[in-house]
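**Q** One structure follows; several queries about it will come next.
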Amino acid sequence: MRSLWRLVRAEWRKVATTRVVWGLLAGFLAWTAINVFAQVLASGQSGAPSGVPALDSPQGLRNVFASSGSAAVFTLLLGVLSVTGEFRHGTAVGTFMASPRRGRVIAAKVLAVPVVALGFAVAGVALTVALAWPLLAWKGVDFDLSTGQLPTVLAGCVAAVTLYAVLGVGFGALVRNQVAALAVALVWMLLAESLVVSFLPEVGRWLPGGAASAMTLGQPLRGGDLLSQGAGAALFAAYGIVLSVLGALTTVRRDIT
């Protein structure tokens, strides 16, 4: 256990002190800010566009504050890069020589990278609240952040953003090639899952994005409802665990040179 804890601390320092983390954090916060403005400006207080909840409705407010989880793609990429970067830059050999039990190295990354992602999530919540407060006041919308489902939405966003990092670590360990892993992760999150839901809306709730939306109490998917928040969290965590286990198993068996 002590050796694993030492690996976790080493991985945490490795991830937290790289320059790419700051670039991902900047992108995460910028994307979050854009989504907050978009959610507020796209809705009207007394009448919203077709299919968009009014800003002063419970779902409209939930959508605004769910923006704190809208940039989760950046923590997914953080997880992918934490593993694939080792192979791309040739540091994997030294890492696995220092700790020959490769499964433990992947386990350490699964434990360490989400800590950094948690920092992203907290910063995203703080930025969302800081922007939403004056924007909603400008729109004449009254709300109480401590009541209703808003605290649950924010907690779900923190959990989803953090768990996306676990998903990224597992996927990065499974694919290993950095360019391929990043490309597939981006295409899936930004395009492919939406296409799947368009053609097969009934399966949307079971996909990673649907599970994450359930965690943040998002809008129901086309053709069906989301899972409950607890079920969505369990499903999303299961995705991360399965990918991490598969990634660890393949890393143990593959040649790392």
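Matching residues to (1) more than 13 Å from the chain's Cα centre (by Cα); (2) surrounded by 22 or more Cβ atoms within 10 Å (Cβ to Cβ):
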residue: T128; (1), (2): yes, yes
residue: W133; (1), (2): yes, no
residue: K139; (1), (2): yes, no
residue: T162; (1), (2): no, yes
residue: V169; (1), (2): no, yes
residue: V184; (1), (2): yes, no
residue: Q219; (1), (2): yes, no
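**Q** If a residue counts only when it is β-branched (V, I, T) and either modelled with pLDDT of 85 or more or exposed (fewer than 14 other Cβ atoms within 10 Å of the Cβ) (or both), which helices (runs of 4 or more DSSP H) contained entirely in segment 1-110 have at least 3 such residues?
**A** Once the helices (runs of 4 or more DSSP H) in segment 1-110 are filtered for at least 3 residues that are β-branched (V, I, T) and either modelled with pLDDT of 85 or more or exposed (fewer than 14 other Cβ atoms within 10 Å of the Cβ) (or both), what remains is 19-42, 73-88.
**Q** When you look at A173, is it part of a helix (DSSP H, G or I) and modelled with pLDDT under 95, yes or no?
**A** The answer is yes for A173.
**Q** A further question on this structure: Filtering segment 146-158 down to residues that are in contact (Cβ under 8 Å) with a residue 40 or more places away in the chain and in a loop (DSSP other than H, G, I, E, B), which residue is surrounded by the fewest Cβ atoms within 10 Å (Cβ to Cβ)?
**A** Per the criteria, the residue is G148.
The values are calculated or read from the model by the stated rules, or taken from the named source; none is laboratory data. Not measured: the values here are computed from a predicted model. FYI the Cβ positions are ideal-geometry reconstructions off the backbone, even for glycines, and counts take in every protein chain you see.
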